[in-house]
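Read the structure below first, then the notes.
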Amino acid sequence: MAIKTSFRPIARGMLRPTRASAASRYTSSNLTFLHIRLASSAALAKKLNIGGREVTVPTGLFIGNEFRPAIGGNTFAVENPATGEEIVQVAEAREEDVNVAVTEARRAFEDKAWADVNPVERGELLLRLAQLMERDKEDLIALEMLDTGKTYRQASNLDFPGSVGTLKYYAGWADKLVGLTSFNIPGAFAYTRREPLGVCGQIIPWNFPLLMFTWKIAPAVVTGNTVVIKSAEATPLSALKMCELIKEAGFPAGTVNLLSGFGKTAGNALASHMDVDKVAFTGSTATGRAILKASAASNLKKVTLELGGKSPNIIFADADLDKAAEWSAWGINMNFGQTCHAGTRLYVHEDVYDAFLEKFTARMAALKVGDNFDRSVDQGPVNSKMQYDKILGYIESGRQEGATVHLGGSAAEASTKAGGKGYYVEPTIFTNVKPDMTISREEIFGPVVTVTKFKTEEEVIELANDTTYGLAGAVHTKDYARAVRMTNAIKAGTTWVNMYNLVHWSIPFGGYKQSGLGRECGEAVLENYTEVKAVYLNTGMAAPQ
Ligand code: ADP
(Lines give C-alpha, C1' and ligand atoms only; values in the text may rest on other atoms or scores of the structure.)
Protein backbone atom coordinates (compact mmCIF):
# COMPACT_ATOMS: atom_id res chain seq x y z
CA MET A 1 0.00 0.00 0.00
CA ALA A 2 1.30 3.40 -0.84
CA ILE A 3 0.45 6.68 0.78
CA LYS A 4 -0.66 9.14 -1.83
CA THR A 5 1.15 12.37 -1.47
CA SER A 6 -0.21 15.51 -2.98
CA PHE A 7 2.37 18.07 -3.82
CA ARG A 8 2.46 21.12 -5.94
CA PRO A 9 5.22 21.89 -8.41
CA ILE A 10 7.64 24.24 -6.76
CA ALA A 11 9.03 27.50 -7.98
CA ARG A 12 12.66 27.29 -8.95
CA GLY A 13 14.96 27.50 -5.98
CA MET A 14 12.31 27.02 -3.36
CA LEU A 15 12.19 24.07 -1.08
CA ARG A 16 8.60 24.10 -0.12
CA PRO A 17 7.07 21.48 2.13
CA THR A 18 3.81 20.06 0.90
CA ARG A 19 1.16 18.20 2.74
CA ALA A 20 -0.37 14.88 1.94
CA SER A 21 -3.81 13.88 2.98
CA ALA A 22 -3.94 10.09 3.03
CA ALA A 23 -1.58 9.57 5.95
CA SER A 24 -3.46 11.96 8.16
CA ARG A 25 -6.38 9.51 8.30
CA TYR A 26 -4.30 7.31 10.56
CA THR A 27 -4.00 7.94 14.26
CA SER A 28 -0.66 7.76 16.04
CA SER A 29 -1.69 4.49 17.71
CA ASN A 30 -1.70 2.52 14.47
CA LEU A 31 1.20 4.38 12.87
CA THR A 32 3.87 1.87 13.74
CA PHE A 33 1.94 -0.84 11.99
CA LEU A 34 1.28 1.45 9.09
CA HIS A 35 4.95 2.36 8.86
CA ILE A 36 6.05 -1.24 8.77
CA ARG A 37 3.64 -2.04 5.98
CA LEU A 38 4.70 1.03 4.07
CA ALA A 39 8.38 0.33 4.42
CA SER A 40 8.46 -1.88 1.37
CA SER A 41 6.35 0.52 -0.62
CA ALA A 42 7.77 1.59 -3.93
CA ALA A 43 6.61 5.11 -3.05
CA LEU A 44 9.50 5.31 -0.59
CA ALA A 45 12.22 4.91 -3.17
CA LYS A 46 12.83 6.41 -6.56
CA LYS A 47 14.87 5.18 -9.47
CA LEU A 48 16.94 8.00 -10.93
CA ASN A 49 18.86 8.12 -14.14
CA ILE A 50 22.02 10.06 -13.33
CA GLY A 51 24.09 10.64 -16.45
CA GLY A 52 23.07 7.23 -17.82
CA ARG A 53 23.53 5.49 -14.48
CA GLU A 54 20.48 4.05 -12.75
CA VAL A 55 20.52 4.73 -9.04
CA THR A 56 17.67 3.97 -6.66
CA VAL A 57 17.39 6.33 -3.74
CA PRO A 58 15.17 5.78 -0.71
CA THR A 59 12.90 8.73 0.02
CA GLY A 60 11.45 7.94 3.45
CA LEU A 61 12.57 8.79 6.95
CA PHE A 62 14.94 6.09 8.25
CA ILE A 63 13.77 5.05 11.71
CA GLY A 64 14.43 1.68 13.36
CA ASN A 65 16.08 0.37 10.19
CA GLU A 66 12.95 1.03 8.09
CA PHE A 67 12.15 3.75 5.61
CA ARG A 68 8.85 5.37 6.56
CA PRO A 69 6.73 8.25 5.36
CA ALA A 70 6.46 11.27 7.64
CA ILE A 71 3.58 10.97 10.10
CA GLY A 72 1.86 13.96 8.54
CA GLY A 73 2.67 12.67 5.07
CA ASN A 74 4.69 15.80 4.28
CA THR A 75 7.26 15.73 1.54
CA PHE A 76 9.55 18.31 0.00
CA ALA A 77 11.34 18.71 -3.31
CA VAL A 78 15.04 18.09 -3.76
CA GLU A 79 16.46 20.23 -6.52
CA ASN A 80 19.27 19.80 -9.03
CA PRO A 81 21.43 22.94 -8.78
CA ALA A 82 22.66 22.48 -12.35
CA THR A 83 19.17 22.98 -13.77
CA GLY A 84 16.98 24.25 -10.95
CA GLU A 85 14.69 21.30 -11.59
CA GLU A 86 13.17 18.90 -9.10
CA ILE A 87 14.98 15.57 -8.70
CA VAL A 88 12.64 13.85 -6.30
CA GLN A 89 10.30 14.43 -3.37
CA VAL A 90 11.47 13.09 0.00
CA ALA A 91 9.60 12.66 3.27
CA GLU A 92 9.80 15.72 5.49
CA ALA A 93 10.25 15.16 9.23
CA ARG A 94 8.34 17.41 11.61
CA GLU A 95 8.40 17.47 15.40
CA GLU A 96 6.24 14.33 15.71
CA ASP A 97 8.68 12.38 13.52
CA VAL A 98 11.61 13.65 15.56
CA ASN A 99 9.84 12.30 18.66
CA VAL A 100 9.41 8.87 17.08
CA ALA A 101 13.04 8.76 15.95
CA VAL A 102 14.33 9.81 19.38
CA THR A 103 12.14 7.18 21.06
CA GLU A 104 13.55 4.56 18.74
CA ALA A 105 17.13 5.70 19.32
CA ARG A 106 16.50 5.69 23.08
CA ARG A 107 15.06 2.18 22.93
CA ALA A 108 18.09 1.00 20.97
CA PHE A 109 20.43 2.65 23.46
CA GLU A 110 18.67 1.45 26.62
CA ASP A 111 18.25 -2.16 25.58
CA LYS A 112 22.04 -2.26 25.86
CA ALA A 113 22.36 -4.31 22.71
CA TRP A 114 24.50 -1.54 21.30
CA ALA A 115 26.43 0.04 24.18
CA ASP A 116 27.30 -3.31 25.74
CA VAL A 117 28.19 -5.08 22.54
CA ASN A 118 31.80 -6.16 22.25
CA PRO A 119 33.37 -2.91 20.98
CA VAL A 120 35.18 -4.86 18.28
CA GLU A 121 31.79 -5.67 16.75
CA ARG A 122 30.92 -1.99 16.56
CA GLY A 123 34.19 -1.44 14.73
CA GLU A 124 33.44 -4.32 12.40
CA LEU A 125 30.07 -2.83 11.50
CA LEU A 126 31.71 0.46 10.59
CA LEU A 127 34.23 -1.44 8.47
CA ARG A 128 31.43 -3.34 6.77
CA LEU A 129 29.70 -0.05 6.04
CA ALA A 130 32.94 1.28 4.53
CA GLN A 131 33.16 -1.82 2.33
CA LEU A 132 29.56 -1.41 1.15
CA MET A 133 30.35 2.20 0.29
CA GLU A 134 33.30 1.02 -1.79
CA ARG A 135 31.02 -1.46 -3.56
CA ASP A 136 28.50 1.30 -4.32
CA LYS A 137 31.06 4.03 -4.82
CA GLU A 138 29.87 5.23 -8.22
CA ASP A 139 26.21 5.33 -7.12
CA LEU A 140 27.07 7.42 -4.08
CA ILE A 141 29.25 9.77 -6.11
CA ALA A 142 26.57 10.19 -8.79
CA LEU A 143 23.92 11.00 -6.18
CA GLU A 144 26.21 13.45 -4.42
CA MET A 145 27.03 15.21 -7.69
CA LEU A 146 23.39 15.44 -8.69
CA ASP A 147 22.29 16.78 -5.34
CA THR A 148 25.12 19.24 -4.66
CA GLY A 149 26.56 20.33 -8.02
CA LYS A 150 29.99 18.89 -7.19
CA THR A 151 32.33 17.82 -9.96
CA TYR A 152 33.38 14.18 -10.29
CA ARG A 153 36.90 15.15 -9.23
CA GLN A 154 35.67 16.82 -6.05
CA ALA A 155 33.30 13.99 -5.14
CA SER A 156 35.59 11.09 -6.04
CA ASN A 157 39.00 12.44 -4.98
CA LEU A 158 37.97 14.19 -1.78
CA ASP A 159 34.48 13.59 -0.44
CA PHE A 160 34.30 9.86 -1.09
CA PRO A 161 37.73 8.79 0.19
CA GLY A 162 37.30 11.17 3.12
CA SER A 163 34.04 9.48 4.03
CA VAL A 164 35.35 5.93 3.73
CA GLY A 165 38.57 6.89 5.52
CA THR A 166 36.56 8.33 8.40
CA LEU A 167 34.58 5.12 8.87
CA LYS A 168 37.73 2.98 8.77
CA TYR A 169 39.60 5.27 11.14
CA TYR A 170 36.84 5.22 13.78
CA ALA A 171 36.36 1.48 13.33
CA GLY A 172 39.93 1.20 14.58
CA TRP A 173 39.10 3.18 17.73
CA ALA A 174 36.49 0.64 18.81
CA ASP A 175 38.75 -1.20 21.28
CA LYS A 176 41.21 1.55 22.05
CA LEU A 177 39.28 3.80 24.40
CA VAL A 178 40.80 3.51 27.83
CA GLY A 179 40.69 5.51 31.04
CA LEU A 180 43.23 6.25 33.74
CA THR A 181 44.15 4.33 36.85
CA SER A 182 45.49 6.02 39.96
CA PHE A 183 47.34 4.55 42.90
CA ASN A 184 48.20 8.02 44.17
CA ILE A 185 45.54 8.21 46.87
CA PRO A 186 46.46 6.47 50.15
CA GLY A 187 43.76 3.94 51.07
CA ALA A 188 41.91 4.14 47.75
CA PHE A 189 42.29 3.11 44.17
CA ALA A 190 40.62 5.10 41.39
CA TYR A 191 39.98 4.48 37.75
CA THR A 192 37.92 6.13 35.03
CA ARG A 193 35.52 4.66 32.49
CA ARG A 194 34.49 6.21 29.19
CA GLU A 195 30.74 5.73 28.85
CA PRO A 196 28.52 6.64 25.89
CA LEU A 197 26.29 9.68 26.31
CA GLY A 198 23.09 8.10 25.01
CA VAL A 199 21.04 9.53 22.15
CA CYS A 200 22.99 11.98 19.99
CA GLY A 201 21.21 14.47 17.76
CA GLN A 202 23.30 15.43 14.76
CA ILE A 203 22.58 18.21 12.28
CA ILE A 204 24.61 18.52 9.10
CA PRO A 205 24.99 21.07 6.29
CA TRP A 206 24.66 20.86 2.52
CA ASN A 207 28.24 21.48 1.40
CA PHE A 208 29.62 18.00 2.21
CA PRO A 209 26.54 15.83 2.79
CA LEU A 210 28.24 12.43 2.57
CA LEU A 211 31.42 13.44 4.38
CA MET A 212 29.54 15.17 7.20
CA PHE A 213 27.27 12.16 7.58
CA THR A 214 30.30 9.93 8.22
CA TRP A 215 32.12 12.52 10.36
CA LYS A 216 29.07 12.60 12.60
CA ILE A 217 27.88 9.02 12.86
CA ALA A 218 31.24 7.19 13.04
CA PRO A 219 32.62 8.58 16.33
CA ALA A 220 29.14 8.53 17.88
CA VAL A 221 28.31 4.90 17.18
CA VAL A 222 31.78 3.49 17.76
CA THR A 223 31.61 4.82 21.32
CA GLY A 224 28.25 3.10 21.89
CA ASN A 225 25.82 5.98 21.36
CA THR A 226 22.75 5.89 19.15
CA VAL A 227 22.02 8.63 16.68
CA VAL A 228 19.24 10.71 15.19
CA ILE A 229 20.81 12.64 12.34
CA LYS A 230 19.14 15.34 10.26
CA SER A 231 20.51 15.99 6.81
CA ALA A 232 20.35 19.44 5.21
CA GLU A 233 17.10 20.14 3.39
CA ALA A 234 19.00 21.02 0.21
CA THR A 235 20.97 17.76 0.06
CA PRO A 236 19.33 14.72 1.65
CA LEU A 237 20.09 12.06 -0.98
CA SER A 238 23.48 10.53 -0.16
CA ALA A 239 22.55 10.15 3.52
CA LEU A 240 19.38 8.29 2.48
CA LYS A 241 21.49 5.94 0.35
CA MET A 242 23.87 5.44 3.28
CA CYS A 243 20.99 4.31 5.46
CA GLU A 244 20.19 1.55 2.98
CA LEU A 245 23.81 0.42 3.47
CA ILE A 246 23.60 0.80 7.26
CA LYS A 247 20.74 -1.66 7.28
CA GLU A 248 22.54 -4.01 4.91
CA ALA A 249 25.70 -3.84 7.05
CA GLY A 250 23.66 -5.18 9.97
CA PHE A 251 23.58 -2.31 12.43
CA PRO A 252 20.95 -3.04 15.11
CA ALA A 253 17.65 -1.24 14.43
CA GLY A 254 17.56 2.22 15.98
CA THR A 255 21.33 2.71 16.12
CA VAL A 256 21.31 5.27 13.31
CA ASN A 257 18.09 7.09 12.44
CA LEU A 258 17.95 9.66 9.66
CA LEU A 259 15.49 12.48 9.18
CA SER A 260 15.25 14.63 6.08
CA GLY A 261 13.72 17.97 6.97
CA PHE A 262 14.04 21.65 7.62
CA GLY A 263 16.05 23.44 10.27
CA LYS A 264 13.37 25.50 11.95
CA THR A 265 11.08 22.49 12.36
CA ALA A 266 12.96 19.17 12.53
CA GLY A 267 16.36 20.69 13.43
CA ASN A 268 14.94 22.82 16.18
CA ALA A 269 12.86 19.91 17.53
CA LEU A 270 16.02 17.81 17.78
CA ALA A 271 18.05 20.57 19.42
CA SER A 272 15.21 21.26 21.89
CA HIS A 273 14.34 17.63 22.66
CA MET A 274 14.30 16.69 26.33
CA ASP A 275 15.49 13.15 25.66
CA VAL A 276 18.45 13.93 23.41
CA ASP A 277 21.73 13.88 25.33
CA LYS A 278 23.91 15.74 22.89
CA VAL A 279 23.66 17.70 19.70
CA ALA A 280 26.52 17.92 17.24
CA PHE A 281 26.06 20.59 14.62
CA THR A 282 27.89 21.76 11.52
CA GLY A 283 26.59 24.86 9.77
CA SER A 284 26.35 28.61 10.06
CA THR A 285 27.29 30.58 13.17
CA ALA A 286 23.76 32.02 13.38
CA THR A 287 22.24 28.54 13.54
CA GLY A 288 24.93 27.42 15.99
CA ARG A 289 23.78 30.19 18.31
CA ALA A 290 20.15 29.03 17.98
CA ILE A 291 21.17 25.48 18.84
CA LEU A 292 23.07 26.54 21.93
CA LYS A 293 20.00 28.51 23.04
CA ALA A 294 17.75 25.50 22.37
CA SER A 295 20.01 23.35 24.55
CA ALA A 296 20.00 25.94 27.35
CA ALA A 297 16.23 26.25 27.17
CA SER A 298 15.63 22.48 27.22
CA ASN A 299 17.75 19.88 29.01
CA LEU A 300 21.26 21.38 28.75
CA LYS A 301 22.23 18.68 26.31
CA LYS A 302 25.89 18.76 25.41
CA VAL A 303 26.59 20.82 22.32
CA THR A 304 29.43 20.77 19.83
CA LEU A 305 29.44 23.29 17.01
CA GLU A 306 31.49 23.45 13.83
CA LEU A 307 30.65 26.83 12.35
CA GLY A 308 31.66 29.40 9.78
CA GLY A 309 34.98 30.94 8.87
CA LYS A 310 36.66 33.84 7.11
CA SER A 311 40.12 32.42 6.86
CA PRO A 312 43.27 34.40 6.05
CA ASN A 313 45.77 33.07 3.52
CA ILE A 314 49.10 34.92 3.72
CA ILE A 315 51.78 35.10 1.03
CA PHE A 316 55.22 36.31 2.08
CA ALA A 317 57.77 37.68 -0.37
CA ASP A 318 60.02 34.63 -0.06
CA ALA A 319 57.25 32.15 -0.96
CA ASP A 320 57.41 30.01 -4.08
CA LEU A 321 54.92 32.18 -5.94
CA ASP A 322 53.85 29.57 -8.49
CA LYS A 323 53.04 27.06 -5.78
CA ALA A 324 51.48 29.72 -3.57
CA ALA A 325 49.21 30.79 -6.46
CA GLU A 326 48.27 27.18 -7.12
CA TRP A 327 47.43 26.46 -3.48
CA SER A 328 45.61 29.77 -3.07
CA ALA A 329 43.42 29.07 -6.09
CA TRP A 330 42.67 25.66 -4.56
CA GLY A 331 42.05 27.44 -1.25
CA ILE A 332 39.06 29.20 -2.75
CA ASN A 333 38.10 26.83 -5.56
CA MET A 334 37.74 23.63 -3.54
CA ASN A 335 34.02 22.88 -3.52
CA PHE A 336 33.69 26.27 -5.30
CA GLY A 337 34.31 28.17 -2.08
CA GLN A 338 31.44 26.45 -0.29
CA THR A 339 33.77 25.34 2.47
CA CYS A 340 33.84 26.76 5.97
CA HIS A 341 37.67 26.84 5.95
CA ALA A 342 38.00 28.39 2.46
CA GLY A 343 40.90 30.82 2.04
CA THR A 344 38.74 33.85 1.39
CA ARG A 345 41.04 36.63 2.56
CA LEU A 346 44.36 36.68 0.73
CA TYR A 347 47.11 38.91 2.13
CA VAL A 348 50.14 39.39 -0.12
CA HIS A 349 53.44 41.08 0.75
CA GLU A 350 53.83 44.33 -1.20
CA ASP A 351 57.13 43.22 -2.80
CA VAL A 352 55.41 40.35 -4.63
CA TYR A 353 51.85 41.64 -4.79
CA ASP A 354 51.78 42.30 -8.54
CA ALA A 355 53.68 39.16 -9.48
CA PHE A 356 51.52 36.98 -7.25
CA LEU A 357 48.27 38.57 -8.34
CA GLU A 358 49.11 37.92 -11.97
CA LYS A 359 49.81 34.23 -11.36
CA PHE A 360 46.81 33.81 -9.06
CA THR A 361 44.47 35.58 -11.48
CA ALA A 362 45.68 33.40 -14.35
CA ARG A 363 44.81 30.28 -12.36
CA MET A 364 41.39 31.55 -11.31
CA ALA A 365 40.60 32.74 -14.84
CA ALA A 366 41.51 29.34 -16.27
CA LEU A 367 38.89 27.53 -14.18
CA LYS A 368 36.23 26.08 -16.44
CA VAL A 369 32.75 26.70 -15.06
CA GLY A 370 29.87 24.57 -16.30
CA ASP A 371 27.93 21.32 -16.10
CA ASN A 372 29.37 19.38 -13.19
CA PHE A 373 28.88 16.08 -15.02
CA ASP A 374 31.32 17.24 -17.71
CA ARG A 375 34.65 15.81 -16.50
CA SER A 376 36.63 18.70 -17.96
CA VAL A 377 34.78 21.22 -15.78
CA ASP A 378 36.51 22.63 -12.68
CA GLN A 379 33.58 24.42 -11.09
CA GLY A 380 29.95 23.35 -11.20
CA PRO A 381 26.92 25.23 -9.96
CA VAL A 382 26.73 26.46 -6.39
CA ASN A 383 24.36 24.47 -4.26
CA SER A 384 21.06 26.32 -4.38
CA LYS A 385 19.21 29.37 -5.58
CA MET A 386 19.46 30.76 -2.06
CA GLN A 387 23.23 30.39 -2.10
CA TYR A 388 23.51 31.76 -5.63
CA ASP A 389 21.53 34.88 -4.73
CA LYS A 390 23.51 35.30 -1.53
CA ILE A 391 26.88 35.11 -3.32
CA LEU A 392 25.81 37.53 -6.05
CA GLY A 393 24.46 39.83 -3.33
CA TYR A 394 27.86 39.84 -1.59
CA ILE A 395 29.59 40.59 -4.90
CA GLU A 396 27.25 43.53 -5.38
CA SER A 397 27.94 44.79 -1.86
CA GLY A 398 31.69 44.66 -2.59
CA ARG A 399 31.17 46.81 -5.66
CA GLN A 400 28.95 49.26 -3.83
CA GLU A 401 31.32 49.58 -0.89
CA GLY A 402 34.12 50.54 -3.28
CA ALA A 403 36.22 47.40 -3.83
CA THR A 404 37.48 46.67 -7.35
CA VAL A 405 36.27 43.59 -9.20
CA HIS A 406 39.58 42.31 -10.55
CA LEU A 407 38.13 39.10 -12.04
CA GLY A 408 34.62 37.72 -12.57
CA GLY A 409 31.93 39.40 -10.54
CA SER A 410 28.82 37.99 -12.19
CA ALA A 411 26.68 34.98 -12.79
CA ALA A 412 28.70 32.67 -15.05
CA GLU A 413 27.86 32.12 -18.69
CA ALA A 414 26.82 28.55 -17.86
CA SER A 415 23.73 29.97 -16.10
CA THR A 416 22.63 31.66 -19.30
CA LYS A 417 23.35 28.50 -21.28
CA ALA A 418 21.12 26.56 -18.91
CA GLY A 419 18.33 28.95 -19.90
CA GLY A 420 18.77 31.17 -16.86
CA LYS A 421 18.46 28.08 -14.69
CA GLY A 422 21.36 26.56 -12.82
CA TYR A 423 23.39 28.40 -10.23
CA TYR A 424 26.75 29.22 -11.77
CA VAL A 425 28.94 32.02 -10.42
CA GLU A 426 32.17 33.31 -11.95
CA PRO A 427 35.34 32.83 -9.89
CA THR A 428 35.68 36.34 -8.50
CA ILE A 429 38.65 38.32 -7.18
CA PHE A 430 38.28 41.63 -5.38
CA THR A 431 41.17 44.08 -4.89
CA ASN A 432 41.27 47.49 -3.15
CA VAL A 433 39.48 45.92 -0.23
CA LYS A 434 39.16 47.59 3.18
CA PRO A 435 38.96 45.55 6.41
CA ASP A 436 35.56 46.98 7.32
CA MET A 437 33.85 46.05 4.04
CA THR A 438 31.14 43.41 4.21
CA ILE A 439 33.11 41.16 1.82
CA SER A 440 36.05 41.27 4.27
CA ARG A 441 33.97 40.41 7.30
CA GLU A 442 31.15 38.04 6.37
CA GLU A 443 31.29 34.47 5.19
CA ILE A 444 30.33 34.45 1.48
CA PHE A 445 30.53 30.68 0.95
CA GLY A 446 31.21 30.91 -2.76
CA PRO A 447 34.07 31.37 -5.25
CA VAL A 448 34.86 34.91 -4.10
CA VAL A 449 38.21 36.03 -2.68
CA THR A 450 39.63 39.36 -1.54
CA VAL A 451 43.30 40.27 -2.09
CA THR A 452 45.03 42.83 0.14
CA LYS A 453 48.62 44.14 0.26
CA PHE A 454 50.65 44.15 3.49
CA LYS A 455 54.09 45.40 4.57
CA THR A 456 55.09 43.71 7.82
CA GLU A 457 54.55 40.51 9.77
CA GLU A 458 52.99 42.43 12.67
CA GLU A 459 50.55 44.20 10.36
CA VAL A 460 49.42 40.99 8.67
CA ILE A 461 48.95 39.19 11.98
CA GLU A 462 46.61 41.97 13.04
CA LEU A 463 44.72 41.85 9.73
CA ALA A 464 44.50 38.05 9.80
CA ASN A 465 43.03 38.02 13.31
CA ASP A 466 40.67 40.93 12.70
CA THR A 467 37.65 38.65 12.44
CA THR A 468 35.05 37.11 14.72
CA TYR A 469 35.87 33.74 13.15
CA GLY A 470 38.80 31.43 13.87
CA LEU A 471 38.49 28.30 11.82
CA ALA A 472 41.62 28.20 9.66
CA GLY A 473 44.48 30.15 8.13
CA ALA A 474 47.60 29.62 6.03
CA VAL A 475 51.02 31.09 5.48
CA HIS A 476 53.26 30.69 2.44
CA THR A 477 56.97 31.22 3.10
CA LYS A 478 60.30 29.40 2.81
CA ASP A 479 61.34 30.68 6.24
CA TYR A 480 60.32 27.99 8.70
CA ALA A 481 60.95 30.15 11.77
CA ARG A 482 58.47 32.62 10.34
CA ALA A 483 56.08 29.80 9.49
CA VAL A 484 56.13 28.69 13.13
CA ARG A 485 55.74 32.28 14.43
CA MET A 486 52.83 32.90 12.07
CA THR A 487 50.96 29.65 12.71
CA ASN A 488 51.33 30.32 16.44
CA ALA A 489 49.97 33.85 15.98
CA ILE A 490 46.95 33.02 13.83
CA LYS A 491 43.98 32.48 16.13
CA ALA A 492 42.41 29.51 14.36
CA GLY A 493 41.82 25.79 14.88
CA THR A 494 43.70 24.71 11.74
CA THR A 495 46.71 26.38 10.12
CA TRP A 496 48.66 25.38 7.03
CA VAL A 497 52.16 26.12 5.80
CA ASN A 498 52.73 26.22 2.03
CA MET A 499 49.44 24.51 1.34
CA TYR A 500 45.71 24.97 1.87
CA ASN A 501 42.54 23.02 2.65
CA LEU A 502 44.02 19.73 3.83
CA VAL A 503 41.68 18.34 6.49
CA HIS A 504 42.32 14.74 7.50
CA TRP A 505 39.94 12.63 9.54
CA SER A 506 42.71 11.67 11.98
CA ILE A 507 43.54 15.28 12.94
CA PRO A 508 41.30 17.46 15.15
CA PHE A 509 39.26 20.05 13.30
CA GLY A 510 37.28 22.93 14.77
CA GLY A 511 37.18 26.60 15.51
CA TYR A 512 38.50 29.30 17.81
CA LYS A 513 36.23 32.26 18.62
CA GLN A 514 32.83 32.17 16.88
CA SER A 515 33.86 29.34 14.57
CA GLY A 516 32.77 26.70 17.02
CA LEU A 517 32.82 24.69 20.20
CA GLY A 518 34.73 21.43 20.48
CA ARG A 519 36.51 19.47 17.80
CA GLU A 520 35.55 17.04 15.07
CA CYS A 521 37.84 14.27 13.80
CA GLY A 522 40.82 12.54 15.35
CA GLU A 523 40.84 11.26 18.89
CA ALA A 524 39.59 14.67 20.05
CA VAL A 525 36.00 14.13 18.94
CA LEU A 526 35.70 10.96 21.04
CA GLU A 527 35.80 13.18 24.13
CA ASN A 528 32.57 14.73 22.88
CA TYR A 529 30.78 11.40 22.62
CA THR A 530 31.71 9.95 25.99
CA GLU A 531 31.22 10.82 29.63
CA VAL A 532 34.14 10.17 31.95
CA LYS A 533 33.08 8.34 35.07
CA ALA A 534 35.42 8.21 38.05
CA VAL A 535 35.27 5.11 40.25
CA TYR A 536 36.92 5.03 43.71
CA LEU A 537 37.55 1.73 45.47
CA ASN A 538 38.34 1.64 49.15
CA THR A 539 41.58 -0.25 49.69
CA GLY A 540 41.85 0.43 53.43
CA MET A 541 40.65 3.96 54.08
CA ALA A 542 38.80 4.55 57.35
CA ALA A 543 35.72 6.77 57.37
CA PRO A 544 36.68 10.29 58.56
CA GLN A 545 35.47 10.96 62.13
P1 ADP B 1 23.46 27.40 5.82
O2 ADP B 1 23.18 28.83 6.19
O3 ADP B 1 24.82 27.19 5.32
O4 ADP B 1 22.39 26.74 5.02
P5 ADP B 1 22.47 26.44 8.28
O6 ADP B 1 23.20 26.64 9.53
O7 ADP B 1 21.22 27.21 8.07
O8 ADP B 1 23.53 26.64 7.15
O9 ADP B 1 22.09 24.92 8.06
C10 ADP B 1 22.88 23.84 8.49
C11 ADP B 1 21.95 22.80 9.07
O12 ADP B 1 21.29 23.37 10.19
C13 ADP B 1 20.88 22.31 8.12
O14 ADP B 1 20.69 20.92 8.33
C15 ADP B 1 19.65 23.09 8.59
O16 ADP B 1 18.44 22.45 8.31
C17 ADP B 1 19.89 23.16 10.08
N18 ADP B 1 19.20 24.25 10.77
C19 ADP B 1 18.87 25.48 10.29
N20 ADP B 1 18.24 26.21 11.24
C21 ADP B 1 18.14 25.44 12.34
C22 ADP B 1 17.61 25.63 13.66
N23 ADP B 1 17.03 26.76 14.02
N24 ADP B 1 17.71 24.61 14.54
C25 ADP B 1 18.33 23.46 14.19
N26 ADP B 1 18.84 23.22 12.98
C27 ADP B 1 18.77 24.18 12.05
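Summary table below
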read-out	value
Neighbourhood charge, 12 Å Cβ-Cβ cut-off, centred on residue 448 and excluding it, Lys, Arg +1 and Asp, Glu -1	0
Extreme residue, positive dipole direction of region 48-100, given options 84, 70, 55 (C-beta unit charges)	55
Candidate lysines - alpha carbon under 24 Å from residue 247, same-chain residues fewer than 8 apart omitted	46, 47, 112, 137, 168, 216, 230, 278
Separation between Cα centres of region 143-206 and region 491-545, rounded to whole Å	12 Å
Helix-only [θ]222 nm of the chain, DSSP H runs n ≥ 4, -39500 (n - 2.57) each, per residue, nearest 500	-10500 deg cm²/dmol
Spacing of the two label points (7 Å from each Cα toward its C-beta) at residue 432 and residue 117, in nm	6.2 nm
Estimated dipole of region 312-509 in Debye, rounded to 20 [Cβ of Lys and Arg +1, of Asp and Glu -1, Cα centre]	460 debye
Accessible surface of residue 158 - all protein chains present, 1.4 Å probe, nearest 10 Å²	70 Å²
Selection from 353, 365, 341, by position along the positive dipole direction of region 327-471 (Cβ)	365
Whole-percent pair-distance distribution, where bins are 10 Å wide, for the alpha carbons of region 24-307	7, 29, 36, 21, 5, 2, 1, 0
Estimated distance in nm for a label pair at residue 400 and residue 317, the labels positioned 7 Å out from Cα along Cα-to-Cβ	3.9 nm
Residue 542-residue 183 FRET efficiency (beta carbon distance; Förster radius 25 Å; 0.05 resolution)	0.85
Relative pair counts by distance (%), Cα atoms of region 415-532, 5 Å bins	2, 9, 14, 19, 18, 14, 10, 7, 4, 2, 0, 0
Within the chain: Cβ-based charge dipole about Cα centre, in debye rounded to nearest 20 (Lys, Arg +1; Asp, Glu -1)	1160 debye
Net charge dipole size for region 24-307 [Lys, Arg +1 and Asp, Glu -1 on Cβ; Debye, nearest 20]	460 debye
Solvent-accessible heavy-atom area per residue, rounded to whole Å², over the chain at 1.4 Å	40 Å²
For residue 227, residues with placed amide H under 5 Å, excluding near neighbours	200, 256, 257
Where Rh is the Kirkwood radius over Cα pairs, Rg/Rh for the chain	1.00
Label-to-label distance, nm, for residues given as residue 293 and residue 458 (7 Å Cα→Cβ offset)	4.1 nm
Accessible-area composition of region 24-307, carbon plus sulfur, in percent [1.4 Å probe]	54 percent
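The values are calculated or read from the model by the stated rules, or taken from the named source; none is laboratory data. Bear in mind that the values here come from a model prediction, so they are computed numbers and not experimental data. For neighbour counting, all protein chains shown are included, and Cβ atoms are generated from backbone atoms with ideal geometry for every residue, glycine included. Ligands, DNA and RNA are excluded from the accessible area calculation, which covers all protein heavy atoms including side chains. Shrake-Rupley method; radii C 1.70, N 1.55, O 1.52, S 1.80 Å.
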